[in-house]
Structures are given as C-alpha cells and as structure tokens.
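A short worksheet on the structure shown next.
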Amino acid sequence: MMSEIPERKARLYAISLSLMVGSMVMAVKFYAYWLTDSSALLSDALESIINVVASAFALWSILFSGRPPDHTHPYGHGKVEYFSAFVVSGSGFMKKVRAGLWLEVVHSRR
Ligand SMILES: [Zn+2]
C-alpha cells in the first residue's frame, strides 16, 4: 500500500505533462492554420482537441480514483481508471477513423 502513493504522484505528473504539452501543440497547430489557412492543418488542430480532452479525462480519472471508499463505492474508486483507459483508447480509434476518412477524401480528388 505504501508504494501506491509515489506511483500515483508519477501518474499525476505524467498526465499533467501530457495535458500541458498537448495543449501547447494544439495552440501551435491552430496558430499555423491561422497563418496558412491550410485545411490539413485545421484537421490536425481539430484532432488535437481529442488529445487534450482525452488527457483531461485521464487526469480527472486519476484524481477521482484516489478517493477513499464511501457508502456507494465500498471498494474505492480505483476501477474508474479502467473506464478511462477504454475512453482514451476509443479516442485513439476515432483518430484512426478520421485519418482513414481524410485519406479517402485525398484519393477521391485524384
Ligand atoms: Zn463514491
């Protein structure tokens, strides 16, 4: 049980870093779109929103999972991290679908 606390700190550090870097990358992509008016950059910037939302959700789930057991959750809240992993991997799947649709559009224009 004692080793759970540094592990939780490491998770919080990693996900906070991910959220910060993701937000900066998203800002740079929107700025690049603003400069170039490129639809590819806009698509990439919009995709970054998914990354930032997924990171924010993961951060929330790590914070929520640390709550002690209560009346409605007598075994604690740790299982929310499995749900979060499912949602985050689902967002990755949605990005692949988007990339596939984008390639379809590019090929249909040739
Ligand atoms: Zn609860």
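Just so you know, all these numbers are worked out from the coordinates, no wet-lab data involved. This is a predicted model, so every value here is computed, not measured. Neighbour counts are summed over all protein chains in view; Cβ atoms, including those assigned to glycine, are modelled from backbone coordinates with ideal geometry.
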statement: Those residues of segment 67-81 that are of a type in the set (Asp, Glu) and either within 10 Å of the ligand (Cβ to nearest atom) or in a loop (DSSP other than H, G, I, E, B) (or both) come to a total of 1
task: Please state which one of 43, 48, 84, 91 is in contact with a Phe, Trp or Tyr (Cβ under 9 Å, 6 or more places away or on another chain), within 16 Å of the ligand (Cβ to nearest atom) and in a helix (DSSP H, G or I).
output: 84
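Which one of 64, 57 is in a helix (DSSP H, G or I) and loosely packed, with under 15 Cβ neighbours inside 10 Å?
Just a single option satisfies the conditions, and that option is 64.
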